1. Tell me which residues, restricted to region 202-234, are at pLDDT 95 or above and in a loop (DSSP other than H, G, I, E, B).
2. Scanning region 235-248 for residues that are surrounded by fewer than 18 Cβ atoms within 10 Å (Cβ to Cβ) and in a loop (DSSP other than H, G, I, E, B), which turns out nearest to the chain's Cα centre (by Cα)?
3. From the list Glu74, Glu81, pick out the single residue that is without any contact (Cβ under 8 Å) to a residue 40 or more places away in the chain, among the acidic types (Asp, Glu), surrounded by fewer than 20 Cβ atoms within 10 Å (Cβ to Cβ) and out of contact with any Cys (no Cβ under 6 Å at 6 or more places or on another chain).
4. Among the residues of region 39-55, is there at least one that is outside any strand (DSSP E or B), within 21 Å of Val188 (Cβ to Cβ), modelled with pLDDT of 95 or more and among the acidic types (Asp, Glu)?
5. Can you find, within region 191-244, the residue that is farthest from Ser135 (Cα to Cα) among those that are free of Cβ contacts under 8 Å to residues at least 40 places away in the same chain and of a type in the set (Phe, Trp, Tyr)?
6. Any residue at all in region 66-88 that is among the acidic types (Asp, Glu) and over 21 Å from Asn222 (Cβ atoms)?
7. What are the residues in region 32-42 that are free of Cβ contacts under 8 Å to residues at least 40 places away in the same chain and more than 13 Å from the chain's Cα centre (by Cα), if any?
8. Of the residues in region 110-128, how many are more than 18 Å from Asp171 (Cα to Cα), touching a Phe, Trp or Tyr at 6+ places or on another chain (Cβ under 9 Å) and in a loop (DSSP other than H, G, I, E, B)?
Amino acid sequence: MRKLQTAVELLSLPGAVAGALTWKKFSLAAFKIVMRLKHAGVAPATVIDVGANAGQFSVAVSKGFPQAALFPVEPDPATAEVLRGNVPPAVAANISVTAVGERVGTIEFQVNADSQVSSVLPLGDDRKQSFPGSSVQRTISVPLTTLDALFGGRALAAPVLLKIDVQGYEDRVIAGAAAFLQKVRWVVMEVSFARLYEGEKDFPSMLALMAGQGFRFVRPLNFHTVGKSGAIIEMDALFEKIEPGSPASQGSAH
């Protein structure tokens, strides 16, 4: 059934079949996210892809926003090599092989059988039950940095879009980005409605965290479901900087 639904979606979305046939790394979810960003009027000059994995989002960005400067960040060296082969050479030169969080140093990183769910955090009960194929293969030590340290000294063309998909570690990325977020207009972030990782913040907590950084939740961009019930366990959410004088900023002052 899921394969049939995917086929129907591919056929219904303009450009999706061509992408699936020609892109080095095609992700239907990333394709839909970029398409929906464009329809929402998002037009970044710079994109930071934190948790780039094999390039699912980075490849979609390079196709959907070809003029944007793109900086992928991936902690697993082996996955980063795959990423390097999937993105254009100019983007490959911008790859940073490091984890991103709330401090600078090193950290233990759990490499999963499915690299898309590898994480600093241990697997949660809902992840284990819903995805029995998810299992930690090994633990490696990787560099850890903050967005403030990684991009603080760089001149980035505005507007900036920040994408964060780090399997439950999103709040730590935000904690290490107080200065960097001043440069950011949009944030695309994966948020959870289930206990997928130990220590992961839930959606209401992330809403409050982003509001504290001056961002408002705009809309869902994509949902991740599980099982025959189709229960929604995760969402790719779009946040936008609240501009001074906007109705959102005036409302938040009361």
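1. Gln213, Gly214
2. Restricting to residues being surrounded by fewer than 18 Cβ atoms within 10 Å (Cβ to Cβ) and in a loop (DSSP other than H, G, I, E, B), the top hit is Glu243.
3. Working: Glu74 fails: surrounded by fewer than 20 Cβ atoms within 10 Å (Cβ to Cβ).
Answer to the check: Glu81.
4. No, that holds for no residue.
5. Step by step, filter region 191-244, then rank; the result is Phe215.
6. Step one: of region 66-88, the residues among the acidic types (Asp, Glu) are 74, 76, 81.
Retained after the next criterion (residues that are over 21 Å from Asn222 (Cβ atoms)): 76, 81.
Scanning region 66-88, I find at least one residue that is among the acidic types (Asp, Glu) and over 21 Å from Asn222 (Cβ atoms), so the answer is yes.
7. First, the residues of region 32-42 that are free of Cβ contacts under 8 Å to residues at least 40 places away in the same chain: 34-35, 38-39, 41.
If the condition is that a residue be free of Cβ contacts under 8 Å to residues at least 40 places away in the same chain and more than 13 Å from the chain's Cα centre (by Cα), then Met35, Lys38, His39, Gly41 are the ones that fit.
8. Total meeting the criteria: 1.
The values are calculated or read from the model by the stated rules, or taken from the named source; none is laboratory data. Only a predicted model underlies this, so the values are computations on that prediction, with no experimental measurement involved. Here the Cβ is made from the backbone with ideal geometry for all residues, glycine too, and neighbour counts use every protein chain on show.
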